[in-house]
Amino acid sequence: MFKKILIANRGEIAVRVIQSCRRLGIATVAVYSEADRDSLHVELADEAVAIGPAASSESYLSIEKIVAAAKATGAEAIHPGFGFLSEKAAFVEALEKAGLVFIGPPAAAIAAMGDKIESKKLAAAAGVSTVPGYIGEIADAAEAVKIAGEIGYPVMIKASAGGGGKGMRIARSEAEVAEGFRAARSEAKSSFGDERIFIEKYVEEPRHIEIQVLADAERCLYLWERECSIQRRHQKVVEEAPSPFLDEATRKAMGEQAVALARAVDYRSAGTVEFIVDRERNFYFLEMNTRLQVEHPVTEMITGLDLVEWMIRIAAGETLPFGQHQVKRDGWAIETRVYAEDPARGFLPSIGRLVQYAEPRLVEGVRVDSGVRAGAEISMFYDPMIAKLVTHGPDRETAIQRMRTALDAFHIRGIRHNIGFLSAVVGHPRFREGRLSTNFIAEEFPDGFSGVAPGPDDLHRLVAVAAFVGWRREFRASPPAAPVERVVFLDRVPHPVTIEGTTVDVVVRGQGFERELRGTWEPGAPLFRGAVGSRSLVVQVDAEEPGFRLSFEGAELLALVVAPPVAALLELMPVKQPPDLSKFLLSPMPGLLVSLAVEQGQEVKAGEELAVVEAMKMENVLRATADGRVSAIKASPGDSLAVDQAILEFE
Ligand code: MV4
């Protein structure tokens, strides 16, 4: 076994690898950029080496610097995590030359799977089901039209070097094929320097289901599947294992085909074979990811295996001491990705400091993988993922409910985050029914997300929690023994109640409802934990003068609890309308307005570039989050912008 491993990555995956090394008694070396000097992975590793500036190209992507760091510290092997150098065959070759072990697959397997035309040919030859189409390079638009006619419409035009939706076009007619072919080819050329294009049948409303494989020098096993259909613009949001869609026969067929493909490229280590699955459960190979994946924890939760540990053991020459029949599948696991982004502003990344950060505690069956702690900075240099929240339970319903509670108990302030959105996704009736597809978010949240309205039962529960919190704020440690009458305003709607009880146990009586509440909340605490009736819940409480804000399962409500005479006066007060910020393009950060891409009166489409703001030497392109018309220009190139300063106004 290795004595010392270098982790060529940052953030949560670096922390994750360090944790497995620690359990195995292996010393760890972290590498870090200037932006990550104070980060958690640096603190947790036994040693750390600075490898350059914040920009990844000059630090985490520098093969030279990482090899030098390994040499300088005497590390024998390197775990690449995911992203960065994890799927660069040249990195594996450079390590071999330097006498270092790569904890991952052979360079040849990475190279074979890096090219979509080649990997599809390999898969077809290995007996893996591929999307009907033409497996080869297409010379020009005329050939593209001819082939599309043979395949039958609709078709999908793809770049061989593509990924993340780049260089991909759907075509439903000859005209769209000719046009899509040219567009895909020029996009592929400029994005990847490789203009090779292929065409296949377009699978409508597919589900994304992937098979985890694990291979040593002899054995190759499949560790079941993960379903990752809940994505937004090719960014995974929720993943689960097993898939609620697969039957045993399909599961077995997919697993065996994934293994056949891995064997065909002499695969070693952990890898993932991605499929799309249509409504009839026909499945088709898409690509193979030759690395550990972000969503690997859901597989670990149901199999009980530590994938990082097995990657390390296999790289050290050990063999798997269990076979396919010993791989267990226990219960259900769900992962949600907590991102620093603002769902109310088109999911714009939200950078800044985690002023408050507390991971969920006291919730059963929860795992949090994160690389941050309170006070950490989410910078714009790297992926804005804050943490992965994973729950496990005996069945899907339990895993979902644990996820909702864990999301409510995850307390993050200082930046915008998607926790409420994640709760709304996993609480959505269609998600609960397991009717997933890669279009789920686009179909169910077409206008983004700005909070859900609680149903009547939840509303009464929240009235009870607000009454309790207001009562505790008012009376602190010595609440009156006699019932008190109060009016609970939730988002300005009055709910008259009487409150009676002790600091941990009250009865709240309203008009037409009565709720018994047991729980704990002390003035200043971020979380209420307790039960309303038989339903246990966690509700986040933020002071917001003159009242407070409650957040629960994707709902956010402004609360104010006052005596009835005060309520009568409040109801007479005019409501001050806040400005409608959705009509403005606001600067997401303090910075310099470099350029404007639009003029007054111009029509813009969602996704179009509007302006460029420079901050910390990085240019940030601001794009339209919806279709609209620019009615006014509020700032000029060269202006210094404050955060939230208006740049444009829309009609
Ligand atoms: C497809 C497809 C439908 N039909 N291929 C998207 C990323 C790239 N790896 C392949 N992708 C797709 N290929 C055919 N023939 C639909 C997608 C697709 C998708 C696939 C998996 C997960 C999410 C997706 C979102 C949009 C489109």
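Annotations
- Odd one out for Ile211, checked against (1) buried (at least 20 other Cβ atoms within 10 Å of the Cβ); (2) away from the ligand (no atom under 16 Å from the Cβ): (2)
- For segment 314-344, filtering for residues that are of a type in the set (D, E, K, R) and surrounded by fewer than 20 Cβ atoms within 10 Å (Cβ to Cβ) leaves 4.
- Residue that is nearest to the ligand (Cβ to nearest atom), among those in segment 439-463 that are touching a Pro at 6+ places or on another chain (Cβ under 9 Å) and aromatic (Phe, Trp, Tyr): Phe445
- For segment 271-299, the set of residues classified as within 15 Å of the ligand (Cβ to nearest atom), assigned to a loop (DSSP other than H, G, I, E, B) and farther than 17 Å from Gly127 by Cα consists of Asp278, Arg279, Glu280, Thr290, Arg291, Gln293, Val294, Glu295, listed by residue number.
- Going through (1) assigned to a strand (DSSP E or B); (2) at pLDDT below 95 one by one, Pro574 falls short only on (1).
- Test result for Met156, surrounded by 15 or more Cβ atoms within 10 Å (Cβ to Cβ), within 16 Å of the ligand (Cβ to nearest atom) and touching a residue at least 24 places away in the same chain (Cβ under 8 Å): yes
- Segment 487-496, residues that are in contact with a Gly (Cβ under 9 Å, 6 or more places away or on another chain) and over 16 Å from Leu517 (Cα atoms): Phe489, His495, Pro496
- From Ser243, Ser229, residue being small (Gly, Ala, Ser), within 16 Å of the ligand (Cβ to nearest atom) and either under 30 Å from Val92 (Cβ atoms) or assigned to a strand (DSSP E or B) (or both): Ser229
- Scanning segment 25-54 for residues that are crowded, with 16+ Cβ neighbours inside 10 Å and out of contact with any strand residue (DSSP E or B) (no Cβ under 7 Å at 6 or more places or on another chain) turns up Ser33, Ala35, Asp36, Leu40, Leu44, Gly52, Ala54.
- All strands (runs of 3 or more DSSP E) inside segment 601-640 with 1 or more residues being under 26 Å from the mean Cα position of the chain (by Cα): 609-615, 618-623
- A single member of Phe489, Phe548 is within 30 Å of His417 (Cα to Cα), out of contact with any Lys or Arg (no Cβ under 8 Å at 6 or more places or on another chain), among the hydrophobic types (A, V, I, L, M, F, W, C) and surrounded by 14 or more Cβ atoms within 10 Å (Cβ to Cβ), and it is Phe489.
- Taken as a whole, the structure leaves Ile302 outside the set of residues that are surrounded by 18 or more Cβ atoms within 10 Å (Cβ to Cβ), within 16 Å of the ligand (Cβ to nearest atom) and at negative phi.
The values are calculated or read from the model by the stated rules, or taken from the named source; none is laboratory data. Note that the structure is a prediction, hence the values are computed from the model and not measured. Every residue, glycine as well, gets a Cβ built from its backbone with ideal geometry; the counts of neighbours run over all protein chains shown.
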